[in-house]
Amino acid sequence: MLIEMPRHTEIFGSVKIHEVQRILKIDSGGFTNPRARDIPFDEIKDVLGRFAVIVPVKDEKIHLLDGVLRAIPFDCSVIVVSNSQREAPDIYKMEEDVVKNLHDLTQQEILIVHQKDPDLGFAFYDAGYDCLLDRDTVVRDGKAEGMIIGMLLAKSLGKDFIGFADADNYIPGSVREYVLDYAAGFCMAESPYSMVRLHWRYKPKVVEDKLYFKKWGRVSETTNKYLNLLISTCAGFETRVVITGNAGEHALTTKLADILGYSTGYSIEPYHFVYLFDQFGLGAEIITDTDTDAANAGIEIFQIETLNPHIHEEKGEEHVTNMLLGSLQTIYHSKLCNDYVRSKVLEEMGDIMKWDQPKENVIMPPIGKIDAQKFVTLLERTAKTFARFERGAIESESKVETKTDLKEESV
Ligand code: GDP
Ligand code: CO
C-alpha cells in the first residue's frame, strides 16, 4: 500500500494527531519517496492476523450485513454484536444464519452475540462492570454499548488490534479497504497506544436522481470545528487538524482500548478525543501507572482518507440531530472547555435543542481491568445467543461451540 506522509503532526500534551493522509495506491510497487510511504503487503498481513473487526448491527438490511462480512479479510477475526429485533420477523436469526453460512463456506473465525441476551448482562454484572446495564440485568441500547461487548470478545481472543466496520455499508469493496487502511496505520505507528480514524473523500448522495459526491456532512463538520476550537484555545495556536471527530470507522490497539473511557451511544467517537485531551492533553495530571506508561509512549492518532467513497443507509434527520447533540454535549463537558468555547457550543446547540443546559452523556470507565477470559467462559457456558465459529482447516466440518454443544459434552 502507498500512503501519503502526514504534512504535519499536532502535539497536544502526550497526544499526537497526524494530519490527514491519503491512500495513494491500495496495491503498490515498493517505490518510496519523501512524500509517501510504501507498506509491503506482508507487513499488512501480519497485522491482519492479530486483528479483530467488530461489526455492530441493529436491524440493517441482511444483504448489507452479508456484503460487509464477506469483505473483511480472511486473516482477521470477525465479531458481530447485534441489537436487532427478536420478535417475528426475527432479524437476529437471519443474521445468525448469514454468519453460520459464511463460516461453513470459508472457515473464517466469526463470533456473534445479541446485545440483549440476559446472560450477557449477567456476565457484565459478574465482572463488576454494570455501568452499561439497564434495569440491573440487561445491556442498554446503544452502539457504544455494542462496541464495548465486541472489544471484550476481541480481548478474549488475544487480539492486539481492534477495528470497527458498520453493517449498513452498500459497497463491500470499501469495507475491505477500510480494514487494510487500519492495518497500514498500525504499520506506521511508533507508539503501542495508537488509533486509526477514517475520513471519507466523498459521501455520495442522490440529489435529483443523480449521484452527487458530497465531501462533508453537517455533523462531522460541526464536531470537528469544536474539537479543534478546544485544542486551539488551550494551546493558544489555532488548528484545524481534527477532521475525524465522528469517525464510526476507526481502529485502535488493544492497549489503548484498555485505558480509554467510553461515552454512550453515538457520542463514543468524538468522546475518544475529549477523553484523550482531558487525560493526556496539555497540562493534564496523569495518575495511574498504565496512564503514565501511555503518556510516556505518547498516544498517536492517524487520520486516513480512504480511496473508496462511503455509501451507507440514510437514517433520517432525527438521527443526524441526535448525533450532533451527543457530540456537542461531550465537548461542552470536557475539562478543557473554557467559558468561550462553552458559549460557542451553546450558540450552536441553540438552534437544535430546547434545554438551556446540555445534558451530560453517560460515561463508561476503561475496560482494562475486566478479565475477558473469565467473561467469555461465562458467556460460553450460559448465553444462548453467543456462538463462536472457529477458524478451521478447509476440509473439516464447520465447528460451532455453543451452549448446546457444551451441554451435550457434559451429559
Ligand atoms: P451512522 O452511520 O454513524 O450515521 O450510524 P448508523 O445508524 O449507521 O450506525 C452505525 C452502526 O451501528 C450500524 O451498523 C448500526 O446498525 C449499528 N448500531 C446502531 N445502534 C446500535 C445498537 O444499539 N447496538 C448495536 N450493536 N449496533 C448498533
Ligand atoms: Co451508517
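The values are calculated or read from the model by the stated rules, or taken from the named source; none is laboratory data. All values reported here derive from a predicted model rather than from experimental measurement. Counting neighbours? That spans all protein chains shown, and the Cβs are built from the backbone with ideal geometry, glycine included.
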## Note on the structure
Checking ASP141, ASP168, ASP181, ASP160 in turn, the sole residue that is in contact with a strand residue (DSSP E or B) (Cβ under 7 Å, 6 or more places away or on another chain) and within 9 Å of ligand 1 (Cβ to nearest atom) turns out to be ASP168
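Tell me whether region 338-349 contains one or more residues that are out of contact with any helix residue (DSSP H, G or I) (no Cβ under 7 Å at 6 or more places or on another chain) and in a loop (DSSP other than H, G, I, E, B).
Taking every residue of region 338-349 in turn, none turns out to be out of contact with any helix residue (DSSP H, G or I) (no Cβ under 7 Å at 6 or more places or on another chain) and in a loop (DSSP other than H, G, I, E, B).
Give me a count of the residues in region 184-203 that are modelled with pLDDT of 95 or more, away from ligand 1 (no atom under 16 Å from the Cβ) and not small (Gly, Ala, Ser).
Step one: list which residues in region 184-203 are modelled with pLDDT of 95 or more, which gives 184-199.
Going one step further and asking which of them are away from ligand 1 (no atom under 16 Å from the Cβ), we end up with 184-196.
Keeping just the survivors that are not small (Gly, Ala, Ser) gives 186-188, 190, 192-193, 195-196.
Number satisfying all stated conditions: 8.
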### Task
Could you check LEU282 against (1) surrounded by fewer than 16 Cβ atoms within 10 Å (Cβ to Cβ); (2) within 17 Å of GLY142 (Cα to Cα); (3) touching a strand residue (DSSP E or B) at 6+ places or on another chain (Cβ under 9 Å) and say which number it fails?
(2)
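Results for (1) under 30 Å from HIS319 (Cα atoms); (2) of a type outside the set (Phe, Trp, Tyr); (3) in a loop (DSSP other than H, G, I, E, B), shown as yes or no for each residue.
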residue: PHE31; (1), (2), (3): no, no, yes
residue: LEU65; (1), (2), (3): yes, yes, no
residue: LEU69; (1), (2), (3): yes, yes, no
residue: VAL80; (1), (2), (3): yes, yes, no
residue: GLU87; (1), (2), (3): yes, yes, yes
residue: LYS93; (1), (2), (3): yes, yes, no
residue: ASP97; (1), (2), (3): yes, yes, no
residue: LEU105; (1), (2), (3): no, yes, no
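Residue by residue, here is whether (1) within 14 Å of ligand 1 (Cβ to nearest atom); (2) buried (at least 22 other Cβ atoms within 10 Å of the Cβ) holds:
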| site | (1), (2) |
| --- | --- |
| GLY217 | yes, no |
| SER220 | yes, yes |
| ASN224 | no, yes |
| LEU229 | no, no |
| PHE237 | no, no |
| ARG240 | no, no |
| LEU252 | no, yes |
| ALA257 | no, yes |
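Might you check whether a residue that is crowded, with 18+ Cβ neighbours inside 10 Å and away from ligand 1 (no atom under 14 Å from the Cβ) occurs anywhere in region 128-137? Please lay out each step first, then the result.
So the first thing to find is which residues in region 128-137 are crowded, with 18+ Cβ neighbours inside 10 Å, and the list is 129, 132.
If we keep only those that are away from ligand 1 (no atom under 14 Å from the Cβ) as well, we get 129.
Yes: region 128-137 contains one or more residues that are crowded, with 18+ Cβ neighbours inside 10 Å and away from ligand 1 (no atom under 14 Å from the Cβ).
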### Task
List the number of the failed condition for THR330; all other conditions in (1) within 16 Å of ligand 1 (Cβ to nearest atom); (2) in contact with a strand residue (DSSP E or B) (Cβ under 7 Å, 6 or more places away or on another chain); (3) part of a loop (DSSP other than H, G, I, E, B) hold.
(3)
